[in-house]
Structures are given as C-alpha cells and as structure tokens.
Amino acid sequence: MSGSRAHEPAPEPTREAGRAPAPEEAEPPEQRRILRVLVLAQVLSGAGLAAGITVGALLAEDMLGATGLAGLPAALFTIGSAATAAGVGRLSQRFGRRPGLTTGYAIGAAGSAGVVLAAVTGSVPLLFAALFVYGAGTATNLQARYAGADLAAPARRGRAVSTVLVATTLGGVLGPTLVSPSGWFAAAWGIPPLAGPFLLSGAAYLLAALVLGILLRPDPLRVARDRAAAAPVPALTDPTAETPAPTAARTRRPGPGVALGASVMVLTQLVMAAVMTMTPVHMAAHGHGVGAAGAVIAVHVAAMYLPSPASGWLVDRYGRLVVAALAGITLLAAGLLAATAPGDSVVVLAVALALLGLGWNLGLVSGTAIITDAVPLDRRATTQGTVDVGVAAAGAGGGLASGAVVAATGFPALALAGGIVALAIVPIVAVGSRTRRRAIAETA
C-alpha cells in the first residue's frame, strides 16, 4: 500500500443484501425528540403541499384559458423549490436545521398568500411570481427528511428518513379531501373557489414554521457536528458504493455515492411530477369533477409517503441499490397502467397513481440514504441542498413539459414515456454496483 493509504482510517464493515445485519449503533437521546417535532411539522406541511398540487394546474388552466400551459404551475413552484433548496441547505449548514427549515416554510406561506391574491385580482404575472415563491414549502418539506437522518446511526438512516416522510401522509391525504370545503369557504369570502386550497396551504406552512422554530431544540445538525468534532475518529461509510466515506470532521471530499443518489432521485422526481401534474387535467377532460381528482391525488400522496416505514426497512435490510432498482421497475408499472387506463375509470387511475407514488417513495428513501452516507458533516446540508436543486429542477422540467406533451399526443403517451424513462434507473444502479466492486478491490 502507498504511504498515504496507510494513514487512512480503516473502513467500517458494511453489509450487503442477504447477510446478517451488523450490530446497530446506539442513537443519542435527542433523536427521539427531534423525530417527534419533525413528524408534527410534516403533518402540517403535508396538507399545504397536497392541497396546492391538487388544484394548481386547474387554477392555471382557468386563468390562462389553455390546457397546454396547465403544467406551468408545477414547473414554477418546482423551480422555486429548486432555488429554495439551495438556500435552505446553505442556511442550515451555517446556522442549523431549525433556522433553515423555519425560514423555508415561512416563505412558502407567503407564496400561498400571493397565489390567493393573484386569483382575486386576476393577475397572471402575480400568479407566476407567487407560485415560484410557493415552491419554498415543497423544498422545505423534502429538506426535513435530512434533519431526521442527521443523528441516526448508519444502520438506521433509512428508517429515520422514512419516519419523517411518513408523517406527511396524514396531511397529504387530508389536504386534497379539503379541496372542495376550502373552495366553498373561499367563495363565501368572494375568493375564487380554486384559490381556496392555497388558503389552506398558507395556514399549514405557517404553523409548520412555528412548530419548528419553537420546538426543534436541540438542533440535529449542530448536535451531529459537535459529536463528530468530539469523537476521535468519526468515520462514515457509504453503504451504497460500499467504500469508506471520508472522516466527517477531517475532510471536505464527499463519498462516491452522491452522483448515484442524485440520479435516482432526479429520475423518480421527473417522472412523478410529469404524470401527477396532468392527471387532474386528464380527468377533467373525461368529465370527472374536482372532488374525484382530489380523491385520486389523495391516494397518490398517501402512496408517496405511507409506505415509508417499509421502504426504510428495505433500504436498511437489503441495501440502497436494490431498493433504487425497485423504484424504477415500480414507476414503469405505474406508467403502463396509467397509459392503458380507461378515461372513465377513477379506480384504475387511482391504482396507477398509487404505484407512481410508491415508486417515487422508494427512489427518495434510497437516494436520500445514499446521499447522507456519502457526504461528510462539514458539507452535508450544503450538498444535500444542491442535490435537491437538481431534483426540483427535474420536477420543474417534468411539470412544464407535461402540458405540452398531453396537448400534442395525449395523457397515455405521457404516462408511457414516463415509465420508460424511469426504467433507466436499473442500468444506473448496475453501473453503481460495478463501481462498488471496483472500490472494494482497490481498498482491500
């Protein structure tokens, strides 16, 4: 071995699929409290996230009078999500998760208020600007999953991420079911009914900001950094690449799993955003009302978050790569079913959207675990924010292109294309597996 390698910390043992799990590390006592606070905030923010998703395309179609631009809201708030992800990441890296997440949700609440004002005044430019700002809530909702993993032992990171994600389920399912009541409430105050769900979103995001600002103490990222600085050799591992990640407090070089984790999350977000965005528009074109569309989106959002405990367990038990490949296969099945579903069948569309949500969940949980394993603490939040910029940009591209694709070729073509794109995750994982084997051979 070379002289430089002789001074490298010895890699921690990693676990491959089928092998007995290694003994789990004890987690700090703060972790349980942190997870409880994050769960409460995610329940609230989930309602705000899902309500806006349900009617965003319909509101734009109503104000713009064109189906081809119905995907624009998803694109705008996803672009806003991308911009916010980077900002929240940098803010969290410098000051901690609590200031970063609190600020992100507060900005999302302001965006919701802007959407309502735009609907009342009929201002399309204001609508576009407000949807961009509204995306801050989406970005912050996803960034919270990293906070759950900051203090988690490596063997429990998948489950820690899944605990935060599953908390979004309650709010995510409740939000779409309140579309009609919030519309009636808005109409009673002289506000266009389709803007009603954004009233709900604003209140939900604001409450989430208050919960985190007051209760997220101690700050998980700050505690993790303090513990790493105090430990003699706090080595991290990158189970996805199966190579030792750099020592958290002594290097600024991320592990090799960053590109792989980012690729998995980017592709799953792209496909999910494209198909989900146009499903309400597709249903409206076949005579279904807002209530039916809200029910289908509620099923979809439930499938995005409810399977998280199982996804986290699979990630920790069988490995990141296996679950990432399963995500691609599940999204392919969702695309095929959505493409062949009869236009008058709400049930079949609901099943297809459930598979779409499940595939997204598998990709997000596995990809998040990959990224967290690979990045040292001194760059963790910044790198995670940068990766989420790419994820959000992919969602923006999917949402923006979806309206044009449906206008030109129809919803079935969009769904089928999405499934084929998602299948690219499988060869990406295969390449990652070969990289893992080479890295093991080089470090042996």
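Bear in mind these aren't lab numbers, they're just calculated from the coordinates by the rules spelled out. Since the model is a prediction, treat every value here as computed from it, not as a measurement. Here the Cβ positions follow ideal geometry from the backbone for every residue, glycine too, while neighbour counts run over all protein chains shown.
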- [ ] Please work out which one of (1) under 16 Å from Ala41 (Cβ atoms); (2) crowded, with 24+ Cβ neighbours inside 10 Å is the condition Ala130 fails and give its number.
- [x] (1)
TODO: Run Ala374 past the list (1) within 18 Å of the chain's Cα centre (by Cα); (2) closer than 19 Å to Val161 by Cα; (3) surrounded by 24 or more Cβ atoms within 10 Å (Cβ to Cβ) and report the number of the one that doesn't hold.
DONE: (1)
Task: Among residues of region 359-372, those that are touching a Ser or Thr at 6+ places or on another chain (Cβ under 6 Å) and either polar (S, T, N, Q) or under 12 Å from Val258 (Cα atoms) (or both), counted - done: 2
TODO: Would you point out which residue out of Ala339, Ala417, Ala369 is surrounded by 21 or more Cβ atoms within 10 Å (Cβ to Cβ) and in contact (Cβ under 8 Å) with a residue 12 or more places away in the chain?
DONE: Ala369
Task: In region 397-414, the residues that are surrounded by 24 or more Cβ atoms within 10 Å (Cβ to Cβ) and more than 17 Å from Leu356 (Cβ to Cβ) - done: Gly403
Open item on the list: Filter region 158-206 down to the residues that are of a type in the set (Phe, Trp, Tyr) and surrounded by 23 or more Cβ atoms within 10 Å (Cβ to Cβ) and list them by number.
Closed with: Phe198, Tyr205
Task: Residue that is more than 30 Å from Asp150 (Cα to Cα) and among the aliphatic types (A, V, I, L, M), where the choices are Ala413, Ala396, Ala374 - done: Ala413
TODO: Go through (1) touching a residue at least 12 places away in the same chain (Cβ under 8 Å); (2) of a type outside the set (D, E, K, R); (3) closer than 14 Å to Gly56 by Cα one by one and return the number of the condition Pro193 breaks.
DONE: (1)
Open item on the list: I need the full set of residues from region 296-327 which are surrounded by 21 or more Cβ atoms within 10 Å (Cβ to Cβ), under 16 Å from the mean Cα position of the chain (by Cα), in a helix (DSSP H, G or I) and of a type outside the set (A, V, I, L, M, F, W, C), in order please.
Closed with: His300, Tyr305, Ser308, Ser311, Gly312
TODO: Give the residue that is farthest from Ala417 (Cα to Cα), with candidates limited to residues of region 356-386 that are in a helix (DSSP H, G or I) and of a type in the set (Val, Ile, Thr).
DONE: Thr382
Open item on the list: Please verify whether Leu349 is in contact with a Phe, Trp or Tyr (Cβ under 8 Å, 6 or more places away or on another chain), over 24 Å from Pro193 (Cα atoms), assigned to a helix (DSSP H, G or I) and in contact (Cβ under 8 Å) with a residue 24 or more places away in the chain, treating the condition exactly as stated.
Closed with: no
